[in-house]
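Okay, structure first, notes after.
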Amino acid sequence: MKNIFTLILLAGFFISCNSVRSVKSNDLATQVPIQSSIDLTKVVDDKAPVTINPGRFTVEKITYRLPRIIQGTYQVSDFGNFIDDFKAFDYNGYEMQVEKVSTNTWTINNATKLDKITYLVNDTFDVENNKEVNTPYSMAGTNIEPDNYVLNLHGFIGYFDSLKSGQYKLDVTASKDFVRTSALQITNSKLSEDGKTLTSSYFAPRYFDITDNPMMYGNLTVEEFNVGDIKIVLSVYSPTKLHSAGSLKKTMQKMMQAQKTYLGTINSTPRYDIYVYLGRGDKDSPTKFGALEHHTSTIVVMPEAMPEQALAKSMVDIVSHEFFHIVTPLSVHSEDVHYFDYNKPTFSKHLWMYEGVTEYFATLFQVDQGLVSEDEFYTKILGKINSSLGFNDAMSFTEMSENILEKEYATNYGNVYQKGALIGMCIDILMREESNGNRGILSLMKELSLKYGKNKPFEDDKIIDEITAMSYPSIRDFFDNNVIGSTPIDYSVYFTKVGLEISEDKVKTNYVQNAGALIFGVNQEKGEVYFNDLVVDNSFWNEQGVKPNDVVKIINGAEVTMQNANQIFGQVFGWQPGQEIEVKLDRAGEEVIIKTKLTQPYTKGKKLTPIKDATEKQSKLRNAWIKG
C-alpha cells in the first residue's frame, strides 16, 4: 500500500510538473490570442457580461482600455462611460485590486497573477440624450434589448497597451433562435447541453479587426446578393416588421450594381455587410440617424416609421456614401488612419478626401448611372452650396481636419459633406478641363489606390504634392487657395467651364425646408417646435394657411416633444405627395387643424441650368463630367 501510494503521489507530481511546464511555455499573453466572450443570455438591465482572458503576463503592471475615439466618427465617444463592475481575478479565483485611471483606462498591478477581467457593458442607445457624458453616435453605439443586439464590438471589447497587435478569439453566446450576422470569420459553433443557446466563435487577427467588424444578433431578416464578385449581406431589424431585408433588397441591389459599374476595376473586398437598425421611436430609441462606415461593412440607423419609398431613397444616399469608402480610406489613407490610436489619435488634414470625395462620388454616380436626372443632380449640388454657407466658408479645410476635435473646428465638421463634396467636384471639373475630358477625380483615386492600397499609408504632408505631380499645376493652385488656404470657392467659375449658370426660379423643396433652409424653429425653454418666418415661402404650408410662430403640437397622432422631435420630423422630411396627413397647431392659444393630402411643395430659390448658348467645348466638358 505504501509503495503504491508513493507511486501515485509521484505520478501526480510529474503530471503536475508537466502541466505547469506546459502552461509556462504555451500561455504567454504575447503568444496566444486574447480570449474574449460576450454572453447575451445573461443580460440584466440592458447590461451584457464580458470576460477577457489575455493569457499570462510577465510584466508587473498592465493597462486595459476601451476606445475614447473610434475611426470615422471625429468625436469623443468615451466607451469607458458604459462599463460597470470592472473586476480582475487571479489564478486562484481571488479578486485583484484595479485602479481606474481615466474614463476609459484601468491598470492592474501584480499582473503576473492576472487570470481574467470581467465587466458589464451598458446599452448606449438608452442614454443618447444624456448631456452629462459623451455619448457615441447611434451608428457607433451599442443596443442591448431582448430581441436585438447591435454589437459594435469597440463598445464591448477593449485592448491592452502591451498587446495592441495581439490576436483575438471572441465567443458570443445567445439564444439559438437568434439570427446572427457578422463579417468576422466564424471558427466554431457550439450548442449548449439543453439545446437553448448557441455559442459562436470568431477570430480577429488584431484589435483593428475587432473594431472594424460589427455584428447584429436578434430577430432579423437577412438577404444576400452578388454585385460582380462582391457578396452583399443585407441584415435588417424592424421592431414591428414594417420593413425587411426583402423590401429593401431590390433598391440596394440596383444601387450597388450601379456603384460597382461606376467604380469599374476598384474591387477591394470579397464581401460587404449592411446592417440596418430601425428605431421604434420610444424613449429608449436612438435619435441620431445616419451610418458609420467600416472597411467592409456599414451600420445604418434610421426611424422605422419612415414610409417605404422615403426609407429606400435615404438608404441610397446613405449606403452609397458608406460603400464608396472602400476607395478612401480603405484603399487610400494616411498614416494617421493606418496607425490609429483609440485613446489619443492624431487626425489627417485630408477630410476633404475621406468624407468629401466619398460624398461627391455618392452624389455623382447617381446621375452617371441614370439613377437620378441631371436636374436632380444639379439641385443636390446647389443644396450643398447653400448648406456649406451655413458654416465658416473662410476656414482652411486642412486646418479644420487636423484639429477636428477642438471646439472651433468641430462645429464645422458637418461641412465635410457639403463643401468637402464640392471640393471634389471642383477637382473633377479641373481635371476634365485639363485632359480634354479624359481624366477626372475617380481616375485620380484609382491611380492613388494602385500606388498605395489598404496596407500602405501615405505621408499626410506629402499627398497634395503627389496629387499635383500626378495631375496638373491648376490642381495645386486650387489646393493652395481654396483647401489649404482660406479663400472661399467661386463656384460660378467651375460651372461656367461646363456650360452651367445659376438663376432665380421656382424650385422643388420638401416639407421641412426651403432649398435647404429649415422652416422650423425650437423654443428650448418651452419645449416647443414652431414654424419660423420662412414658412411663407413654402407653397404647401402657405396654401394650408400656416403662419409664422404657429406651434406644432401633434403630427399624425403623435405629440411633438423635445425628446421625439428628431424622430417625428425625420418622418416629415420623408413625406411624399399623395400621403394623407393630419397636423394640429397652436396659434396663440387657438387650435388649428390641417387635414389634407400632400402636394408637391415649391419655394423661391436658385437653380442650376445649362447656358442656352453654351459652346461646344462647354457642352462636351459637361457631358464628360456627369457621364464619365
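In table form, for the structure just shown:
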{"quantity": "Anisotropy class of the range 83-171 from Cα gyration tensor, a/c 1.5 cut", "calculated": "prolate"}
{"quantity": "Alpha-carbon centroid distance for the pair the range 248-306 / the range 448-475, whole angstrom", "calculated": "29"}
{"quantity": "At R0 = 41 Å, FRET efficiency that the Cβ-Cβ distance of Gln167 and Asp480 yields, to 0.05", "calculated": "0.35"}
{"quantity": "Relative contact order (%) - the range 25-210, alpha-carbon pairs under 8 angstrom, separation at least six", "calculated": "24"}
{"quantity": "Value of relative contact order over the chain, rounded to a whole percent, pairs C-alpha under 8 Å and six or more apart", "calculated": "10"}
{"quantity": "Listed values [x] 163; [y] 190; [z] 177, entry calculated as volume of the Cα convex hull per residue in Å³", "calculated": "[z]"}
{"quantity": "Set of lysines with alpha-carbon distance to Lys526 below 16 Å, sequence-local pairs under 8 removed", "calculated": "Lys553"}
{"quantity": "Lysines with Cα under 23 Å of Lys250, excluding same-chain neighbours fewer than 8 positions away", "calculated": "Lys231, Lys241, Lys260, Lys313"}
{"quantity": "Estimated 222 nm signal from helices in the chain, with DSSP H stretches of n ≥ 4 weighted -39500 (n - 2.57), rounded to 500", "calculated": "-8500 deg cm²/dmol"}
{"quantity": "The range 220-326 - share of DSSP beta bridges that are antiparallel (%, nearest 5)", "calculated": "45"}
{"quantity": "Three-way shape call for the range 387-461 based on the alpha-carbon gyration tensor, with the a/c threshold at 1.5", "calculated": "oblate"}
{"quantity": "Residue range of the chain that is longest and free of GluC sites (Glu not before Pro) which are both DSSP loop and sparsely packed (at most 12 other C-beta within 10 Å)", "calculated": "194-405"}
{"quantity": "Mean Cβ neighbour count within 10 Å, used as a protection proxy, ranking 64-70, 277-283 highest first", "calculated": "64-70, 277-283"}
{"quantity": "Highest to lowest packing among 227-235, 184-192, scored as the average C-beta count within 10 Å", "calculated": "227-235, 184-192"}
{"quantity": "Relative contact order (%) - the range 412-559, alpha-carbon pairs under 8 angstrom, separation at least six", "calculated": "13"}
{"quantity": "Cβ-based net charge around Asn92, under 10 Å, with every Lys or Arg adding one and every Asp or Glu removing one", "calculated": "-1"}
{"quantity": "Charge tally in the Cβ shell below 15 Å around Trp106, where Lys, Arg are +1 and Asp, Glu are -1, Trp106 excluded", "calculated": "0"}
{"quantity": "Tensor-based shape of the range 344-450 (alpha-carbon gyration tensor, a/c under 1.5 rounded, otherwise prolate or oblate)", "calculated": "oblate"}
{"quantity": "Euclidean distance between Cα centres, the range 160-229 to the range 489-520, Å", "calculated": "46"}
{"quantity": "Backbone HN-Hα couplings from phi across the range 106-119 [Karplus 6.51/-1.76/1.60, Hz, Gly and Pro as x]", "calculated": "10, 10, 9, 8, 6, 5, 5, 9, 5, 9, 7, 10, 10, 6"}
{"quantity": "Residue-count net charge about Thr173 - beta-carbon cut-off 12 Å; Lys, Arg +1, Asp, Glu -1", "calculated": "+3"}
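All of the numbers you see were taken from the coordinates with simple rules; none came from a lab. Keep in mind it's a predicted model, so treat the numbers as computed, not measured. Note that each Cβ is placed from the backbone with ideal geometry, even for glycine, and that neighbours are counted across all protein chains shown.
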